[in-house]
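Here the structure comes first, spelled out in structure tokens, and everything after it is commentary.
The values are calculated or read from the model by the stated rules, or taken from the named source; none is laboratory data. No experiment lies behind these values; they were computed from the predicted model shown. When we count neighbours, we look across all protein chains shown, and the Cβ atoms used for this are built from the backbone with ideal geometry, even at glycine.
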Amino acid sequence: MPHLGAGYNLARWLARNDHDANDIVQEAYLRAVRSFDRFRGGDPRAWILTIVRNTCYSWLEKNRAPGAALTGDADERALDVAADPATQPEVQVLRAADRHLVRDALDSLPAEFREVLVLRELESFSYKEIADIIDVPLGTVMSRLARARARLQECLLQRTQGGR
Amino acid sequence: MTCEQARPLLSAYFDRELDVATSLEIGRHVQACEHCAAVLQQHDALRAALGAAPLVFAPPNGLEERVRAAVRREVRSNAPSVSSRWRWAAVPLAAALAAALAWSVASSRSAPSGEQIVLAELVSGHVRSLMADHLVDVATSDQHTVKPWFNGKVDFAPPVADFAASGFQLVGGRVDYIAGRPVAVLVYKWRQHMVNVFIWPSGGAGSQDLHSLAREGYHLVGWEKSGLTFWAVSDLNAADLENLARLFRGAA
């Protein structure tokens, strides 16, 4: 199955457990079969991952308890420019961060932040490709990625310096 | 450009997603601004941390089989809901989806130019290498094994280096056939993404240009060095692929 690895990885990051990711991926590939007529060429990986992502959200909405926080507080207001720590000690901490803490920190982010980071850092998509996959304007991808990175950094620094 | 203007753009600048004019302005600002320079360092550190972390979840055993079985059931029992393009594929189902999605060749009415043919062959060569079991003929990340392997198989000596420290791990090499001649191919892996670097002797005077373009969802980056033409093909984005080109060009 083409791009199954990438599809499963995205589903796992969005659903946050293996069992749901399994079900979501199977459902997504069925949807791909059904809508294959609408595939007009272009990047097949982006196409399949768009289907996986959409399947994730509709599956989670249907199967998770109502009110279960899917997204958390992905604050879309303007970046607080004055608040960047940006000091050398922090840079060193990030470089030396424990690998599993990094994974936990990413896992703790709201879904909107998690998905742009996965699509950018793991799947290496361009901003334009990400905008197409998550169906938002390019400018939103730009600001959301900037915010996602700031949040991830905050999370990591807290976990590394402040204990749990 | 002020700090207030630059700050919201630093993340996109780091990803090389800004237009040239804006990038230049930010570059100039960063040179004079300690704070913004530090922010960029943070981005770099964060990317390194993400690069080193175990962030890729592999599909569990049996998922591929389950998906294939579910797709087969769907086609058999729900013929009307399955797209017509699917049904007339005479080959086995999984192969049809794999082939169609992997190839998705855009049809063109005009006769392709010489260069277009080469680019098309490069993309096909890349995709083909990922489909069947023919990614490498010599599978090792030891450059001292890969380089001599090409002796007698191609009529030139491709430069072989492992760039694992920069995230590009050498997977191995093979010989391929592009535009009517045997070429050397070095295969690299960046996270889960494969990069095929096709190498053959250049025809004319060396050019300093770096060519970067996209075709059928893949990115290609081309350059010349020491009398050889290089083309890197991958689904990696252009910026990361251009990094690999830089590593090749910088290596002795």
Checklist entry - For region A:12-25, how many residues meet the condition of being closer than 20 Å to A:SER108 by Cα, crowded, with 18+ Cβ neighbours inside 10 Å and either within 9 Å of chain B (Cβ to nearest Cβ) or without any contact (Cβ under 8 Å) to a residue 40 or more places away in the chain (or both)? => result 3
Checklist outcome for this item: By residue number, the members of region B:137-157 that are aliphatic (A, V, I, L, M) and either closer than 16 Å to B:LEU170 by Cβ or part of a loop (DSSP other than H, G, I, E, B) (or both) are B:VAL138, B:ALA139, B:VAL146, B:ALA157
Item to check | Scope region A:26-49; condition within 22 Å of A:SER108 (Cα to Cα) and facing chain B (nearest Cβ under 7 Å); matching residues | outcome: none
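Of a type outside the set (A, V, I, L, M, F, W, C), surrounded by fewer than 19 Cβ atoms within 10 Å (Cβ to Cβ), at pLDDT below 90 and under 17 Å from the mean Cα position of the chain (by Cα) - does that describe any residue in region B:192-208? If you could, list the steps in order and put the result at the bottom.
Taking region B:192-208 as the starting set, the residues that turn out to be of a type outside the set (A, V, I, L, M, F, W, C) are B:192-193, B:196, B:201-204, B:206-208.
Filter once more, so that each one left must be surrounded by fewer than 19 Cβ atoms within 10 Å (Cβ to Cβ): B:192, B:201-204, B:206-208.
Checking which are at pLDDT below 90 leaves us with B:192, B:202-204, B:206-208.
Among the residues that remain, those that are also under 17 Å from the mean Cα position of the chain (by Cα) are: B:192.
Within region B:192-208, one or more residues are of a type outside the set (A, V, I, L, M, F, W, C), surrounded by fewer than 19 Cβ atoms within 10 Å (Cβ to Cβ), at pLDDT below 90 and under 17 Å from the mean Cα position of the chain (by Cα).
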Item to check | Neighbours by Cβ (under 7 Å, 6+ apart or cross-chain): first from region B:12-41, closer than 10 Å to B:MET1 by Cβ and in contact (Cβ under 8 Å) with a residue 40 or more places away in the chain; second assigned to a helix (DSSP H, G or I) and not small (Gly, Ala, Ser) | outcome: none
Checklist entry - Which condition breaks for B:PHE168 when tested against (1) touching a residue at least 40 places away in the same chain (Cβ under 8 Å); (2) surrounded by fewer than 19 Cβ atoms within 10 Å (Cβ to Cβ)? => result (2)
Checklist entry - Of the residues B:ALA12, B:ALA21, B:ALA69, B:ALA48, which is closer than 30 Å to A:ASP18 by Cβ and within 27 Å of the chain's Cα centre (by Cα)? => result B:ALA48
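Scanning region A:83-116 for residues that are part of a helix (DSSP H, G or I) and of a type in the set (Gly, Ala, Ser), which turns out modelled with the lowest pLDDT?
Taking region A:83-116 first, the residues part of a helix (DSSP H, G or I) are A:83, A:88-95, A:99-107, A:111-116.
Those left that are additionally of a type in the set (Gly, Ala, Ser): A:83, A:105, A:111.
Details: A:ALA83: 49, A:ALA105: 94, A:ALA111: 94.
Within region A:83-116, the match that is modelled with the lowest pLDDT is A:ALA83.
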